[in-house]
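Undergrad: Mind looking over this structure? Questions follow.
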Amino acid sequence: MNEALCKEVAYRHYFPECNGRCRKGWVLHHKDVELKHKDPIRYAEWHIEDLVPMTRVEHTTFHSTGNTNNRGKHISDEQKKKIISSLKGNKRALGKHWMLSESTKTKISNSLKGQEFTDERKHNIGLARKGKHWWNNGKVNVLSVECPSNDFVRGML
């Protein structure tokens, strides 16, 4: 059986109401994280007894907390320079604290100095936030009064 058909069978087992598709905001995760390396054929066959349903948020949390390879390690100055040079021109990397030059930091600091937080301003900020909650779809955080769509769940990543 091909992998797509195996997935469909597993989805029908766990989410019968979804016509062979995964329920929005959910994933099927292999119980044994080493199965992909131990037995790739069984991994690709998507056996129901090897799978467990979980939300995308749970899945993201599972993988982000499970990787402890680089915790506590220190990066040398040479490694930092290599990382910086590899990220130059990458718009997603902009704004990281170690990416900004001292002159840019000074300009940002000067532009923020002198802002007054009056009681009226604090009150308006509170009103703008009132009744809103954080929602996420496993990738993006959104602050809104109601759930943006079916694949979002309450809370931040």
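Taken together, the values in this text are just the output of simple stated rules run on the coordinates, not laboratory data. Bear in mind the structure is a predicted one, so any value in this text is a computation, not a measurement. Don't worry about glycine lacking a Cβ; one is built from the backbone with ideal geometry, like all the others, and counts go over all protein chains shown.
Undergrad: Could you work out the relative contact order of segment 101-157? I mean the mean sequence separation of Cα pairs under 8 Å and 6+ apart, divided by the number of residues, in percent.
TA: Computed over segment 101-157, the figure is 25 percent.
Undergrad: Grab the beta carbon distance between Leu5 and Leu157, set R0 = 35 Å, and tell me the FRET efficiency rounded to 0.05.
TA: Calculated transfer efficiency: 0.60.
Undergrad: Another one. How much length, in nm to one decimal, is gained on full extension between Ile48 and Phe117, taken as 0.36 nm per residue of separation minus their Cα-Cα distance? The partial results should precede the final answer.
TA: Details: separation 69, 0.36 × 69 = 24.84 nm, distance 5.70 nm.
Gain in length upon complete extension: 19.1 nm.
Undergrad: Calculate the spin-label point distance for Ile41 paired with Phe62, positioning each point 7 Å from the Cα along the beta-carbon direction, and give it in nanometres.
TA: According to this spin-label approximation, the distance is 2.5 nm.
Undergrad: Next question. Fewest first, what order do His74, His13, His123 take by the number of other Cβ atoms within 10 Å? Please list the in-between numbers first.
TA: On the way: His74 5, His13 14, His123 10.
Least to most surrounded, the residues fall as His74, His123, His13.
Undergrad: Let me ask you something else. Mind sorting Thr106, Thr55 by how few other Cβ atoms lie within 10 Å of their own Cβ, fewest first? Present the calculation step by step, with values, prior to reporting the outcome.
TA: Values: Thr106 11, Thr55 14.
Sorted ascending by nearby Cβ count, the order is Thr106, Thr55.
Undergrad: By count of other Cβ within 10 Å, fewest leading, how are Asp39, Asp151, Asp119 ordered? Don't jump to the answer; show the numbers that get you there.
TA: Values: Asp39 13, Asp151 16, Asp119 7.
In order of increasing Cβ crowding within 10 Å: Asp119, Asp39, Asp151.
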